[in-house]
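**Student:** Questions regarding the structure given below will be posed in turn.
The values are calculated or read from the model by the stated rules, or taken from the named source; none is laboratory data. Keep in mind that what you see is a predicted model, and the values were worked out from it rather than measured. For neighbour counting, all protein chains shown are included, and Cβ atoms are generated from backbone atoms with ideal geometry for every residue, glycine included.
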Amino acid sequence: MDLKQLIRERRSVHRFQDREVPAELIMELLDTAVWAPNHRLTQPWRFIISCGDGRKAIAEACRTMNERWEWDPQKKQATGEKYYKKIMSNPMIVTIVMKENPYLQVREEDYASTAIVIHNLSLLAWEQGIGMVWETYPWLNEQVFREAVGIQPGERAVGNLHVGYPAGIPHAAPRIPASERITLIDR
Ligand SMILES: Cc1cc2nc3c(=O)[nH]c(=O)nc-3n(C[C@H](O)[C@H](O)[C@H](O)COP(=O)(O)O)c2cc1C
């Protein structure tokens, strides 16, 4: 696919077909995605791929957190169940983990590079007919979730990517043309 078209047509996908995404394919795409610009070549990322029954640990953590946050005691169980099912409706979840450098500047540079890796992956996957959405739900760095996937002290979850073959592609939200945001200084 033409790069310009790929960048413009990629969408965040929220609903997926009930069809497995081969883990090997995502691993292969990640191997290209990591060719991101990265100051000092810190390569602070690692990736946790959860699929099949492997998704249950994340779904259970999500259930626990949503039960905890549901203020109505009568709704706790149903709310937990709803969110458990929501997680299980994603054929694959890729947790993006970043080592947190103690120096703010390096940490910010590392976050920027990690975001580039995510977008690289998202474009490469789109080219293969695979969709995803970068999720940053409120429980992303809660201990329950961290333990569920083995995130270590000194590491931070940057996002969970919900990955699958799209069941529908959302309409694009319009973008403000860059021309409206450009200041040209040429003399
Ligand atoms: C850092 C980051 C965090 C995001 N977190 C969420 C999220 O928690 N839930 C969600 O539905 N979408 C999330 N998104 C996806 C955006 O909502 C999406 O990119 C935006 O609506 C534009 O749609 P598009 O990606 O289809 O162009 C996130 C995107 C980024 C870059």
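**Student:** I'd like to know if region 158-177 contains one or more residues that are over 17 Å from the mean Cα position of the chain (by Cα), at pLDDT 95 or above, more than 16 Å from the ligand (Cβ to nearest atom) and not in a helix (DSSP H, G or I).
**Tutor:** Among the residues of region 158-177, not one is over 17 Å from the mean Cα position of the chain (by Cα), at pLDDT 95 or above, more than 16 Å from the ligand (Cβ to nearest atom) and not in a helix (DSSP H, G or I), which makes the answer no.
**Student:** Continuing with this model, one more query. Across region 10-21, what is the total count of residues that are assigned to a loop (DSSP other than H, G, I, E, B), more than 12 Å from the ligand (Cβ to nearest atom) and out of contact with any helix residue (DSSP H, G or I) (no Cβ under 9 Å at 6 or more places or on another chain)?
**Tutor:** Total satisfying the criteria: 3.
**Student:** Only residues in region 166-187 that are under 14 Å from Val133 (Cβ atoms) count as the first member; pair them with residues that are within 16 Å of the ligand (Cβ to nearest atom) and hydrophobic (A, V, I, L, M, F, W, C), Cβ under 6 angstrom, at least 6 apart or cross-chain, and list the lot.
**Tutor:** Hits for this filter: Pro166/Val13; Ala167/Phe16.
**Student:** Show the residue pairs meeting these rules: Cβ distance below 6 Å; 6+ apart or different chains; first residue within region 114-136 and over 13 Å from Arg11 (Cβ atoms); second residue more than 9 Å from the ligand (Cβ to nearest atom) and at pLDDT below 95.
**Tutor:** As it stands, the answer is Glu127/Met1, since those pairs meet every condition given.
**Student:** Going by what's in this entry, would Ile7 be described as within 16 Å of the ligand (Cβ to nearest atom), touching a residue at least 12 places away in the same chain (Cβ under 8 Å) and loosely packed, with under 15 Cβ neighbours inside 10 Å?
**Tutor:** So Ile7 passes the test.
**Student:** Consider Met92 carefully, then state whether it is more than 14 Å from the ligand (Cβ to nearest atom) and crowded, with 19+ Cβ neighbours inside 10 Å.
**Tutor:** yes
Quick grid of which residues meet (1) more than 13 Å from Met98 (Cβ to Cβ); (2) crowded, with 17+ Cβ neighbours inside 10 Å; (3) of a type outside the set (A, V, I, L, M):
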position	(1), (2), (3)
Ile116	no, no, no
Gly129	yes, no, yes
Glu135	yes, no, yes
Ile151	no, yes, no
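**Student:** Here is a further query. Checking the structure you have, find out if any residue of region 51-71 is assigned to a loop (DSSP other than H, G, I, E, B), touching a strand residue (DSSP E or B) at 6+ places or on another chain (Cβ under 6 Å) and buried (at least 17 other Cβ atoms within 10 Å of the Cβ).
**Tutor:** no
**Student:** When Ile185 is evaluated against the numbered criteria (1) within 18 Å of the chain's Cα centre (by Cα); (2) of a type in the set (A, V, I, L, M, F, W, C); (3) more than 9 Å from the ligand (Cβ to nearest atom); (4) not in a strand (DSSP E or B), which criterion, by number, is the only one it fails?
**Tutor:** Against the list (1) within 18 Å of the chain's Cα centre (by Cα); (2) of a type in the set (A, V, I, L, M, F, W, C); (3) more than 9 Å from the ligand (Cβ to nearest atom); (4) not in a strand (DSSP E or B), Ile185 comes up short only on (1).
**Student:** Now, a different point. Scanning for something modelled with pLDDT of 95 or more, in a helix (DSSP H, G or I), over 26 Å from Leu29 (Cβ atoms) and more than 15 Å from the ligand (Cβ to nearest atom), does region 144-156 turn up at least one residue?
**Tutor:** Yes, region 144-156 has at least one match.
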